[in-house]
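Where a number appears in this text, it was derived from the coordinates with a stated rule and is not lab data. As the structure is a computational prediction, the values presented were derived from the model and not from experiment. Note that we place each Cβ from the backbone using ideal geometry, even for glycine, and neighbour counts take in every protein chain shown.
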Amino acid sequence: MKTLRIEKMIYGGAGVAKNGETLPFVLPGELVQIEAGAPAKVIEASQDRVAPGCVHFGECGGCHYQHASYPAQLQIKRTILLETFAVAGLTELPEIATHSGEPWHYRNRIRLRVGEVDGELRVGYNRAGATGGDAMLPIMMCPIASPLLWQAAEAVVALAKTDAAIWGWLAAAVELEFFTNDDETALQLVLFTRRPPAAGFGAFCRALQKAVPQLEGAGAALLPKNPSPQGRRAEHAKPGPQWGTAGIIYKVGNDRHWVSRGAFFQVNRHVVAELLRLAVGERKGKLVWDLYAGVGLFSRALAATFEQVVAVEAGEPAATDLAAALKGKKHRAVAMTTLDFLQAAVVQRERPDLIVMDPPRAGVGAEACALLARVRCPEIVYVSCDPVTLARDLKQLTGDGYKVVELNLVDMFPQTFHMETVAVLRR
Ligand SMILES: C[S@@+](CC[C@H](N)C(=O)[O-])C[C@H]1O[C@@H](n2cnc3c(N)ncnc32)[C@H](O)[C@@H]1O
C-alpha cells in the first residue's frame with residue numbers, strides 16, 4: 001500500500017504525485033492511498049471535490065472531471081494551458097480570459113456504441129482507460145448530452161424490443177451518432193454498420209421518427225466487414241441507404257448554417273456564439289482567410305464585415321456545405337488542404353488583412369506555419385482544440401515575428417480534460 005500527495009493535474013485528465021505516478025479522478029492537494037488491484041482511496045479530499053453528476057462517472061471513458069466543482073475545472077484547465085505554454089518556451093503571454101456556459105447537457109452530438117449485453121441490445125461508451133476494441137460500458141444516462149440526444153438513444157433501444165425493423169438495424173449497428181441543432185428542433189442520425197440488413201432502413205427511420213418527431217434524416221454508414229487493427233477511427237465508411245433530409249439547419253447569431261450529416265460542427269451548443277464572437281468580433285477589412293473553415297461558421301460572420309472571404313476546407317461533406325454557403329457572392333470557397341492553399345498563395349504574394357484558422361487536433365504544423373510567416377498577415381486568430389499543438393505552433397509563429405496579444409480559454413468540453421483556446425497574434 002502506498003500513500004501519495006497529488007501535486008497537480010496534467011493534460012489528459014490525470015493528477016500526478018511527487019514521485020511521478022499518475023492517477024485518474026484525483027485533485028491537486030489530495031492525499032490518496034493506492035493498493036495493487038484496488039481503486040485509489042482518497043484519504044484527504046480537496047475542498048473542490050464534489051459529487052459527480054452521472055452514475056457512470058469513473059467507469060465511463062467520456063468524462064474526467066465530474067469530481068471537481070465547475071470553477072475548479074476551469075482553474076485546472078487554465079493552469080494546464082499555462083504550463084503547456086511554459087514547456088514550449090513561450091514567454092510574455094497575456095492573461096488568459098475564461099469563457100464558459102452551462103456545464104451540463106451541452107453536447108449537440110454523441111457517438112454511442114451498440115452491443116448485446118445479457119441478451120439485450122444496449123448503447124454505451126468506451127470504458128475509462130479502454131480503447132475502441134474493448135468491451136463497451138452500457139449506459140443509462142449521459143448528462144453532458146443535450147436531452148434530445150439521450151431521449152433518442154433511449155427510444156431506439158426501447159423500440160427494438162417490439163419493432164422488427166428497429167431490432168434488425170440496431171442489432172446490425174456498431175455505433176449510432178446523433179446530432180441536433182441549437183434549439184433541439186431537428187435531429188440527424190448516422191448508423192455505422194459492418195453487416196447491413198438487406199432492406200428496411202426506411203421502416204427503421206419511420207418507426208424511430210414516430211417516437212422522436214424531431215428526426216429529420218438518417219443515413220447508414222458502411223464500415224469494412226472486418227475491423228481495422230488500427231482501431232475504429234482509422235476506418236473509412238461508405239454511404240449506405242439514406243432517409244429524409246441530408247442535414248439540419250443550425251442557428252448561431254444571425255446566421256442559419258446548413259450542416260450536412262457527418263460534417264464537422266462545434267460541439268457545445270451553449271458556447272458556440274461566444275466562440276464566434278471571440279474569433280470574429282468587430283474585425284473588418286478587405287480580405288480575410290478562414291482556414292479549416294468547416295461549413296462556414298466563421299466565414300459567414302466574416303462576410304458581413306470583410307469585402308472578400310476566402311474559406312479553405314479539405315473535408316467532405318463540409319466543403320460542399322461551405323461552397324453553398326458562400327455561393328453567388330464575391331467570396332470564395334476553396335476545397336483543398338490549408339497547406340496546398342498556402343503554397344499557392346505565397347507564390348501569388350497574397351496578403352489578407354486577417355487570417356482565422358481552426359485546425360483539428362494535429363494543429364497547423366511546421367510547414368504551414370513557415371508559409372504563414374512569409375504571408376506576413378498583420379493579425380491571426382488561432383482557434384485550437386489541443387493546447388500541445390497550439391503551443392508548438394505559437395512558438396514557431398512568435399519566433400517569426402508574431403506576438404500573442406490575447407488568450408482565451410473557451411470551455412467547449414465541460415467535465416472532460418479537453419479545452420478550446422482562442423489566441424490572437426499580431427505583428
Ligand atoms: C476544428 S474544425 C473547424 C471548422 C470550423 N472552423 C468551425 O468552427 O465550424 C476543423 C476543420 O478542418 C477541416 N480540415 C481537416 N484537415 C484539413 C486540412 N489539412 N486543410 C483544410 N481543412 C482541413 C476538417 O474537415 C474540419 O471541418
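Brief remarks follow.
- Choice from 59, 175, 120 showing the highest fluctuation, given a GNM over the chain with Cα pairs closer than 10 Å: 120
- DSSP-defined antiparallel bridges as percent of all bridges, the range 268-426, nearest 5: 45
- In terms of surrounding Cβ atoms within a 10 Å radius of their Cβ, 385, 205 rank from fewest to most as 385, 205.
- Violating pairs (Cα-Cα greater than 24 angstrom) within the set 210/327; 238/330; 18/77; 8/403; 330/395: 210/327; 238/330; 8/403; 330/395
- Spatial separation of Cα centroids for the range 328-407 and the range 140-212, in angstrom: 39
- Averaging over all projection directions, the Cα-based convex hull of the chain occupies 21.9 nm² in the image plane.
- Of 423, 260, 93, farthest towards positive along the dipole that unit charges on Lys, Arg, Asp, Glu beta carbons give the chain: 260
- P(r), alpha carbons of the range 2-68 - 5 Å bins starting at zero, rounded %: 4, 18, 30, 26, 18, 4, 0
- Cleavage-rule hits, trypsin sites (Lys or Arg not before Pro), the range 271-353, DSSP coil, Cβ neighbours within 10 Å at most 16: 284, 327, 329, 330, 349
- Most mobile listed residue (374, 78, 392) in the chain, GNM with C-alpha springs under 10 Å: 374
- Taking a sphere under 10 Å around the Cβ of residue 177 and counting the other residues whose Cβ falls inside, with K and R at +1 and D and E at -1, yields a net charge of +2.
- Dipole in debye (nearest 20) - the chain, about Cα centre, beta carbon charges: Lys, Arg +1; Asp, Glu -1: 800
- Only helices enter this figure: runs of n ≥ 4 DSSP H residues, each worth -39500 (n - 2.57), summed and divided by the residues of the chain, yield -7500 deg cm²/dmol at 222 nm to the nearest 500.
- Bridge orientation summary for the chain: considering DSSP beta bridges with both residues in this region, about 70 percent are antiparallel.
- Under 5 Å, built H, 5+ apart or other chain: amide partners of residue 333: 311
- GNM on the chain, alpha-carbon springs under 10 angstrom: the most fluctuating residue among 128, 97, 173 is 97.
- Furthest towards positive pole of dipole, 186, 16, 247, structure part the chain, Cβ charges: 247
- Charging the Cβ of each Asp and Glu at -1 and of each Lys and Arg at +1, and nothing else, the dipole of the range 2-68 about its Cα centre rounds to 100 debye.
- Only alpha carbons enter this Debye calculation for the range 278-330, each as an equal point scatterer, and the log10 of I(q)/I(0) it gives at q = 0.16, 0.18, 0.31 Å⁻¹ is -0.40, -0.50, -1.28.
- Along each principal axis, taking the top coordinate minus the bottom one, the Cα set of the range 109-250 gives 37, 35, 31 Å in descending order.
- Packing-based exposure ordering (other Cβ within 10 Å, fewest first) of 275, 390, 159: 159, 275, 390
- Total formal charge among the other residues, if their Cβ is under 11 angstrom from that of residue 111, Lys/Arg +1 and Asp/Glu -1: +3
- Fewest-first sequence of 67, 331 by Cβ atoms within 10 Å of each Cβ: 331, 67
- Net charge, residue 360 excluded, C-beta distance under 13 Å - Lys, Arg +1, Asp, Glu -1: -3
- Rounded to the nearest 20 debye, the dipole magnitude of the range 268-426 is 500 debye, with +1 charges on Lys and Arg beta carbons, -1 on Asp and Glu beta carbons, and the Cα centre as origin.
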